[in-house]
1. Would you mind checking which residues have amide H under 5 Å from GLN168's amide H? H placed 1.01 Å from N; only 5 or more apart, or other chain.
2. Can you tell me the dipole magnitude for the chain around its Cα centre, using point charges on the Cβ only (Lys, Arg +1; Asp, Glu -1), in Debye to the nearest 20?
3. Which angle from 0 to 90°, rounded to the nearest 10, does the C-alpha axis of helix 381-407 make with the longest principal axis of the chain?
4. Which whole-number percent is the relative contact order of the chain (Cα, under 8 Å, 6+ apart)?
5. If I model the stretch 53-97 as equal point scatterers sitting on the Cα atoms and use the Debye formula, what is log10 I(q)/I(0) at q = 0.19, 0.28, 0.30 Å⁻¹?
6. Report the label-to-label distance for LEU778 and SER511 in nanometres (one decimal), using points 7 Å from each Cα along the Cα→Cβ vector.
7. With only Lys, Arg, Asp and Glu charged, each at its Cβ (+1 for the first two, -1 for the last two), find how big the charge dipole of the stretch 510-564 is about the Cα centre; round to the nearest 20 debye.
8. So if I take the centroid of the Cα atoms in the stretch 18-36 and the same for the stretch 149-199, what is the distance between those two points in Å?
Amino acid sequence: MLQNYFKIAVRNLLRHKGYTAINIIGLAVGVASCMLIFLYVQDELSYERHFTKADRIVRLAGEIKLESQEHNRFALSPAALEPALRRDFPDIEQVTQLLRAGKQTIWYQDKSFNEDELLFADSSFFRIFDYPFLAGDPNTALRAPRTIVLSEAMADKFFGGPAQALGQVLRFSRNAYTVTGVYRDPGHSHIKARAFLARSTYDTTLDEESRTNQWFAMNRYTYVLLQNQEQIPAFQQKLHAFANKYVTPWIKENELNASMRFVVQPLRSIHFDTVFGADLSPAGNIAYVYIFGAVALFLLLIACINYMNLATARSAQRAKEVGMRKVVGAYRSQIIRQFLGESVLLTLIAVLLALALVQLLIPTFNTLTGKNFTSNFFLQWEFMFLLLAVVLFVGVVAGSYPAFFLSHFKPTDVLKSEKAPRGGSASLRKALVVIQFTISLILIIGTIVVFSQMHYLKNRDLGFNKNQVLVIDIPSGDSTLIQQLPSFKQRLLSRPAIQAVSNPQDIPAESLSKLMMLAEQDSALLEKTINVMFVDYDFLEVMGIALKAGRNFSPAMGTDERGALLINEAAARWLGWHEPLGKRIQMIDIDGKVIGVVKDFHVKSLHTEVEPLALVLQPQSPGYLMARLKPGQLTETIAFVENQWQSFAPRHPLEYFFMDEHFDKQYRAEEKMLTIFGYFAALTIFIACLGLFGLASFTAEQRTKEIGIRKVLGSSTGAIVLLLSRDFALLVLIAIALASPLAWYGMHHWLQDFAFRTELSWWIFALAGIAAMTIALLTVSFQALKAARLDPTKAIRSQ
């Protein structure tokens, strides 16, 4: 029986080659797209999953509430938290803290590299996070001071492999570190580290007070390993009493009007948690996971609709086959199984073709998404299960209506030509076409909106001039290099193509410090926190930032370095200062006054409003060197900078970038979304038009005799094309009417993620509608024109 079903299925597929090709290509493209999106979604959801204890690892984030009711949430916590947790919670298994080491220049023999993503850790870190070690013992690797554990990539870069790295010595600016271990990158994690340095090396530089009793000095990431996952809620409750025991007395002792609490973050939730600032790595966007998951289902649905539409449209050609099978004794269940089997077979062929397409498209998809997928995923059980599910789901869903529709025919009806079915339910086919184009239009509108928003973001006035600014990354740790930066600035300024040079510690699009301050309020000082940038005298000139009131920092004013600040307009508004000049601010080792107000400028992406900001003078910083270049002679100027750097700091590799490119990196997720949206919108239109092409061909075939009679009676080719295209155009118009409000609703909510956003103008919906209508009519008109040019005598005779 199964062999007979298979033979019939193969014969039917081969007999209608065009119909088969349309279905297989449509399904293959839809399934391939679904597979690629599955890879992306699975990859985004895989963060921290490789750690075997992930379900019982938590991070403690800090939340400070000030007298002004201002809340500040940080992924950071103080150094004093770790020893206090060990004392008060003997039932927790492990506690560890990480600390950023900053960008460092590392030397080995004649090799030197600037390395970022360096973290201080201790031996307990690897007892919580099971990194796979290729060399060394994770239990003892970071026990001694001045030891370092390298990633496999870093070991390869310096030593040629993990085995050669063990026991070698790497020189930093201040210390030499012995390699005691090499680990393989375990997979996606918010903890991104090229190497871990022994934290005891750093801790020996701190006094006892800083390590055990400074509760607002938040610069570490604290992780706790609990005994089981069920402890998490109870642990969070106990932390309230813990904070009251340690933090509250310290706040009172220091006469601060504030409160602080610790918030438990389960490890697996961190990647998509955007609430806490100053994280180790940028948070992901769960909305994009949902969006791309929906796109995958849409593509698969459109491919299924094609199959259902074409199968029901051609049901008349198989009606007599069903009638004959019933006459000779076939049951309805057998016929249903036959048609479902054909559908599953066709889907299986499409899936095999989809696998070949995915193999070809993986390199391009990696470029689009910034991921690193390989064909190894074919061997994963999750993927094999997905493939089986796709074959069964698509096969059954796509073949269900044709199977049940065709199998219910009565033999006496289908064997009589006057009662034979004429291609199934026309209303259902029209509804399915409307659904297809509604989905396609939603994606087209979404693509246009994302493109419009990206254009807006990249062209909006940021309050500073990001163009023609060369930024040199200055490694930290080399005090001699930092002391000599003023002389290097003068070397650069000797070239006419370099207009101005600045040496700030902070630049836009980088994470800023947020510090506590006391700000003058009605003859009193009120506690606040504010974003701070440490800059030099030339920062405003290089960045092209305008002063709203007051003056800039000046070397002629000896009191500026410890007794003056600049604030932005947002800070003046936030503090309620109508006349901010001369207002008093106390911060870190500064007790000074506001000497100037700068116009608001964006230090973060346009996702957020301009936040209150203070500029603090720090003439020499281990941060960046920025040079504003004149237009033209770019290649020659960069070569000049490289030569000067080589003679100035031959031991440090030169690393530079341009401010405009660096700032625009903040929108990388949106750029990826735009590109992927564009491709998948094109694919949905392609699949929908494949089905439309097949339906148009079927319609023209059904109306061949009518077309011949109309031509004999004098109808022109144009009139016949219009006649055959009119019904399809109406369906697209209905799809436009349905898609527009749905797309507006979705994109309106997406735009809410941006504090500064483009408008959802009418032309976006008009453009998408015109594009969809044009593509649909071109697809239909091809078949209509072909039918209209038939010889009318042949058309009539064919019937």
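1. VAL179
2. 4680
3. Here the helix axis deviates by roughly 30 degrees.
4. Value for the chain: 15 percent.
5. -0.72, -1.07, -1.13
6. 4.9
7. Its charge dipole is roughly 120 debye.
8. Each part's Cα centre sits 47 Å from the other's.
The values are calculated or read from the model by the stated rules, or taken from the named source; none is laboratory data. Values in this document were obtained by computation on a predicted structure and should not be read as measured data. Virtual Cβ from ideal backbone geometry, glycine too; neighbours counted across all protein chains shown. Keep in mind that these areas ignore ligands, DNA and RNA; they rest on the heavy atoms of the full protein, side chains included. Shrake-Rupley method; radii C 1.70, N 1.55, O 1.52, S 1.80 Å.
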